[in-house]
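Down below is the structure, laid out as structure tokens.
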Amino acid sequence: MARLFVAIPLSPLLKQRLQEIQPPRTTGITPVAADNLHLTLQFIGDAPVETVLAALANISLPGFQLAFSHKPRYQKGVIWLGVKDSPELKVIQLAVVKALVKAGVTLQPKRFMPHITLARYKRHVPTEMIELLLEERAGVVPDEAAVAFGLYSSKTVDEHVIYTRLRAFPLQDG
Ligand code: 3AM
């Protein structure tokens with residue numbers, strides 16, 4: 001068993017751009033490390049890795065484009081960049097959910113709100129400061145080609161979250 005989630009990995013170029021717009025490490029604000037930036041499709045939680053891998057291997061879908069909101073937003077300790085909803089994104093998210101449910105994996109029902117978590121903040125951080133930091137770094141984030149999705153494990157070691165990609169599943173060309 002491992003604590004698992006399914007996500008779309010991001011290219012090094014996009015991660016670099018996201019690092020430019022994410023707030024810097026400041027008292028009470030922790031930016032997500034570049035290696036950990038991703039677009040979550042489905043949080044799973046503790047589940048048997050082999051069962052989940054076998055379920056995801058059945059998914060065959062074409063690659064597609066991801067487009068992003070203009071401005072990061074923040075709420076309840078999370079600063080994130082919205083990902084524009086698209087039919088392709090809905091299809092892949094639903095395909096993941098269906099494959100997992102069919103394989104008997106239990107999922108917590110939660111509405112899919114596509115986003116990339118950029119940073120986390122403690123509740124004592126003044127919202128004016130968050131707004132200022134985001135405003136200073138605001139800028140366009142170019143579209144990204146989604147070429148794969150992956151199964152990730154999540155571990156917390158010494159208060160550091162470590163995400164490890166266990167397997168990537170390529171999306172088909174065109
Ligand atoms: O992509 P983000 O950062 O929004 O918040 C966690 C992270 O999402 C989320 O799963 C992703 C990888 O850890 N997550 C963690 N625990 C969760 C839970 N109990 C959860 N999502 C839903 N329920």
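Readers should treat all values here as calculations from the given coordinates under stated rules, not as data from a laboratory. On a predicted model such as this, the values are computed, not experimentally measured, just so you know. Glycine gets a Cβ as well: all are built from the backbone with ideal geometry, and neighbour counts include every protein chain shown.
Each residue of segment 28-45 is assigned a 3J(HN,Hα), and the resulting list reads x, 10, 10, x, 6, 4, 3, 4, 9, 6, 6, 10, 5, 9, 7, 7, 10, x Hz, derived from the Karplus form 6.51 cos²θ - 1.76 cosθ + 1.60 (θ = phi - 60°), x at Gly and Pro.
Annotation for segment 84-168: trypsin sites (Lys or Arg not before Pro) lying in DSSP loop with at most 16 further Cβ atoms inside 10 Å of their Cβ are Lys84, Lys110, Arg111, Lys122, Arg123. Between segment 138-168 and segment 4-43, what's the alpha-carbon centroid distance in Å? The distance from the Cα centre of segment 138-168 to that of segment 4-43 comes to 7 Å.
Ratio of Rg to Rh for segment 2-170: 0.97 [Cα atoms; Kirkwood radius as inverse mean 1/r over pairs].
If one takes the longest principal axis of the Cα atoms in the chain, at what angle in degrees, from 0 to 90 and to the nearest 10, does the Cα axis of helix 127-137 lie? It works out to around 80 degrees. Counting 0.36 nm for each residue step from Met113 to Gln65 and taking away their Cα separation leaves a gain of 15.6 nm. Computing FRET efficiency as 1/(1 + (r/R0)^6) for Thr30 and Glu128, where r is the C-beta to C-beta distance and R0 is 22 Å, gives about 0.70. In this Cβ point-charge picture (+1 for Lys and Arg, -1 for Asp and Glu), segment 2-170 has a dipole of about 380 debye about its Cα centre.
Find the lysine pairs in segment 2-170 meeting two conditions, Cα atoms under 19 Å apart and a separation of 8 or more places or different chains, and report how many there are. Lysine pairs satisfying the spacing and distance rule in segment 2-170 number 11. Pairs of Cα atoms nearer than 8 Å and 6+ residues apart set the relative contact order; for the chain it is 36 percent. Along the axis of the charge dipole computed for the chain (Cβ charges of +1 for Lys and Arg, -1 for Asp and Glu, origin at the Cα centre), the listed residues Ser154, Ala99, Gln19 are led at the positive end by Ala99.
Applying a DSSP loop filter and a limit of 11 other Cβ atoms within 10 Å to the GluC sites (Glu not before Pro) in segment 131-166 leaves Glu159.
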